[in-house]
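What follows draws every value from the coordinates through simple rules; no lab data is involved. Since this is a predicted model, take the numbers as computed values, not measurements. Positions of Cβ are generated from backbone atoms using ideal geometry, with glycine treated the same way; all protein chains shown enter the neighbour counts.
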Amino acid sequence: MNETASLRARAEIDLAALRANVRELRARAAGAQLMAVVKSDAYGHGAVPCARAALEAGATWLGTATPQEALALRAAGLGGRVMCWLWTPGGPWREAIEADIDVSVSGMWALREVVAAVAEAGAPARVQLKADTGLGRNGCQPADWPELVAAARAAEAAGTIRITGLWSHFACADEPGHPSIAAQLTAFRDMVAYAEKEGVDPEVRHMANSPATLTLPEAHFDLVRTGIAMYGISPSPELGTPADFGLRPVMTLAASIALVKRVPAGHGISYGHHYTTAAETTLGLVPVGYADGIPRHASGRAPVLVGGVTRRIAGRVAMDQFVVDLGGDEVGVGSEAVLFGPGDRGEPTAEDWARAADTIAYEIVTRIGTRVPRVHLNATPAES
């Protein structure tokens with residue numbers, strides 16, 4: 001029996017698989033550096049252990065959304081290059097500068113705050129300018145780009161900042177052939193060319209996320225940013241499975257059966273009685289629910305492997321638990337229920353759960369809550 005089987009639930013994180021995924025992604029983007037994106041606690045996998053493993057496998061950058069995530073990496077002792085991109089007024093700019101973090105700037109307000117923070121930090125800031133090439137979220141619009149570039153160059157000439165990167169983000173890289181891809185690439189090249197004409201000499205130019213890393217070599221530039229693919233999930237199931245891309249899912253989510261009992265035919269199960277037993281049967285109680293990140297809208301649909309057989313959730317997912325109909329099979333209390341994993345033991349995958357919940361696998365792994373302990377396997381790299 002697994003040594004962690006006594007836990008109510010657990011998310012096993014295979015760091016050997018993560019390292020192998022990073023190596024595969026590096027091979028697919030040969031000639032470019034790789035940024036391991038560990039935002040949102042490494043998509044639910046545990047930011048610090050995953051960041052360490054990615055660096056061990058050759059990633060040269062770490063990427064986060066928020067400055068707090070980036071600062072947490074530094075507090076954990078992680079060195080190297082770290083970039084964060086989702087800022088709001090008030091910073092913490094000074095703390096990021098002092099921690100030697102590359103900060104993203106999308107507009108004049110942010111550049112002004114960075115420059116002000118440099119005086120407090122007593123050191124220049126490393127700044128990456130983000131271009132909105134068509135995604136329509138963060139980033140500087142082409143019409144505003146000359147003003148931002150001019151102000152950034154002036155700050156650089158004054159010794160206040162160092163412009164380390166120019167970057168953007170795709171809207172539809174997971175849909176090869178989508179017309180926005182070519183349009184965004186053209187816009188990015190034009191905005192980079194303008195900045196360089198104005199004297200910007202960036203260390204890195206980057207635009208490729210996971211799907212672009214896998215399918216758009218022309219978008220690799222100097223650096224690729226790999227998020228979901230690093231965790232062994234296909235960014236575009238229509239294009240291929242993880243195995244098709246040489247990747248292996250990193251997270252396995254399992255729980256221990258908390259109760260097994262016989263019930264008669266016609267017995268309602270869980271809130272609303274959306275499931276009623278067709279005949280006398282055995283029920284198994286799985287002690288995880290939507291408070292643990294199990295999507296309630298997967299009620300009655302999502303698959304679970306129990307006793308070597310794939311079952312469906314019977315009735316509604318509750319806050320802390322759900323039920324599976326064991327159909328009279330002999331399953332003991334404490335037996336393992338595997339919600340998802342790599343799939344090679346017959347268990348469902350995160351993609352199976354995504355289809356059941358009408359969402360994407362990104363959401364399935366990222367939403368697993370803090371009540372579920374992460375058990376990191378293969379923390380020490382194997383000898384090569």
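What GluC sites (Glu not before Pro) does segment 172-275 have in DSSP loop regions with at most 14 other beta carbons within 10 Å? Filter output for segment 172-275: E198, E238. A straight chain from R153 to V309 at 0.36 nm per residue would run longer than the Cα-Cα distance by 49.9 nm. Legend: translational diffusion of segment 103-245 by Stokes-Einstein, Rh = Kirkwood radius over C-alpha pairs, 20 °C, 1.002 mPa s; D = 134 µm²/s.
How do the peptides 260-271, 21-32, 286-297 rank, highest first, by the average count of neighbouring beta carbon atoms within 10 Å per residue?
Working: 260-271: 13.8, 21-32: 18.3, 286-297: 20.0.
So the order, starting with the most tightly packed, is 286-297, 21-32, 260-271.
Could you give the length gained by full extension between A291 and D329, i.e. 0.36 nm per residue of separation minus their alpha carbon distance, to one decimal place? Let's see the in-between values first.
Values: separation 38, 0.36 × 38 = 13.68 nm, distance 2.84 nm.
10.8 nm is the gain from fully extending A291 to D329.
Taking Lys and Arg as +1 and Asp and Glu as -1, the other residues whose beta-carbon sits under 13 Å from that of A150 total -2.
A value for mean projected area of the Cα convex hull in nm² was derived from the coordinates, and within the list (i) 20.5; (ii) 18.8; (iii) 24.0 it appears as (i). The alpha carbon centroids of segment 281-350 and segment 1-79 are separated by 27 Å.
For T215, what is the net charge nearby, where nearby means another residue's Cβ is under 12 Å from its Cβ and Lys, Arg count +1, Asp, Glu -1? Numbers along the way, then the final one.
Details: positive: R28; negative: D174, E175, E218, E238, D244.
Within the 12 Å Cβ shell, the charges total -4.
Measuring r between the beta carbons of A279 and T186 and using R0 = 51 Å, the FRET efficiency lands at 0.20.
Around the amide H of F340, modelled in the peptide plane, lie the amide H atoms of L253, all under 5 Å away and 5 or more residues distant in sequence or on another chain. Collect residues whose amide H, placed 1.01 Å from N in the peptide plane, falls under 5 Å from the amide H of V317; neighbours closer than 5 in sequence don't count. Amide H neighbours of V317, under 5 Å, 5+ apart: S299, G300.
Please compute, over every Cα-Cα pair in segment 301-384, the percentage with a separation greater than 20 angstrom. Tail fraction, whole percent: 42.
If R₀ is 45 angstrom, what is the calculated FRET efficiency for the pair D344 and E198, using the beta carbon separation as r and rounding to 0.05? Mind dumping the intermediate values first?
Numbers: r = 52 Å, r/R0 = 1.17.
Calculated transfer efficiency: 0.30.
Applying 1/(1 + (r/R0)^6) with R0 = 56 Å to the Cβ-Cβ distance of A76 and A265 gives a FRET efficiency near 0.55. Measuring nothing but how far apart in sequence close Cα pairs (under 8 Å, 6+ apart) lie, relative to its length, segment 98-214 scores a relative contact order of 26 percent.
If you take all other residues with their beta carbon under 10 Å from the beta carbon of V224, and give Lys and Arg +1 and Asp and Glu -1, the sum is +2. Taking the DSSP bridge list for the chain and keeping only pairs wholly inside it, about 45 percent are antiparallel.
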